[in-house]
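The values are calculated or read from the model by the stated rules, or taken from the named source; none is laboratory data. In this text the structure is predicted, and so the values were computed from the model without any measurement. So basically every Cβ, Gly included, is an ideal-geometry build from the backbone, and we count neighbours across all protein chains shown.
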């Protein structure tokens, strides 16, 4: 899986110039909520992904590692999306209360536009899935019993990756292809926000924006940065870790 992830990161990096992504988590007072994901990916990237997955499989076999199961990989699915495959993936999680309320995949102007809306009954159940375990938010109750914390740990790049996104020279080299990459991650909370490691926040919403044109570290931070928001839980009884 690490090898497949590395290949997918490289595929994304060298075609990210046109990628726009927005992900919004809305958490309700009973621990239920929704996640909306909208993104656009070039059709050229979609075509390249199958070749990248094939390469990952060949490299895995050559190194004696298990071949990656690309048809079940959420990374492969995100980079080669279709409505049927997205539905099948959500169904495969077999989590009570997790439902795909809306999904639309359209090809337009050389890009594949994806919109999906998922609802869940308990946010803690999402940690059972591969996607949400790495890219979703975990909910914990703080020791004082009055506050809750939502955290996205951030995946971090594989240690064996030959592409060091912390190296300024590498970032400059990738600038021509990463220009235009932009991602937005938002969280809406049931209680007033007390702390968040972002300057973009209101009373009950925190937003992180990763814009490569404004910050050369944006692509690296989107993939690996820990996102944290602490909110007031007085009067709430949320399922938490």
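Scoring residue 95 on the criteria (1) part of a strand (DSSP E or B); (2) more than 14 Å from residue 240 (Cβ to Cβ) leaves a single failure, condition (1).
Yes/no per residue for (1) surrounded by fewer than 16 Cβ atoms within 10 Å (Cβ to Cβ); (2) in contact with a helix residue (DSSP H, G or I) (Cβ under 6 Å, 6 or more places away or on another chain); (3) assigned to a helix (DSSP H, G or I); (4) modelled with pLDDT under 75:
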position: 150; (1), (2), (3), (4): no, no, no, no
position: 160; (1), (2), (3), (4): yes, no, no, yes
position: 164; (1), (2), (3), (4): yes, yes, no, yes
position: 169; (1), (2), (3), (4): yes, no, yes, yes
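Of everything in the stretch 186-205, what is farther than 16 Å from residue 140 by Cβ and either without any contact (Cβ under 8 Å) to a residue 40 or more places away in the chain or over 16 Å from the mean Cα position of the chain (by Cα) (or both)? Give them in sequence order. Correct list: 188, 192, 198, 199, 200, 201, 202, 203, 204, 205.
Would you confirm, using the coordinates I've provided, whether residue 219 is under 24 Å from residue 56 (Cα atoms) and modelled with pLDDT of 75 or more? Yes: the conditions hold for residue 219. Can you confirm whether residue 19 is more than 28 Å from residue 240 (Cβ to Cβ), surrounded by 14 or more Cβ atoms within 10 Å (Cβ to Cβ) and modelled with pLDDT of 75 or more? In short, yes.
Checked against the criterion of being assigned to a helix (DSSP H, G or I), within 26 Å of residue 241 (Cβ to Cβ) and modelled with pLDDT under 65, the stretch 5-13 has at least one qualifying residue.
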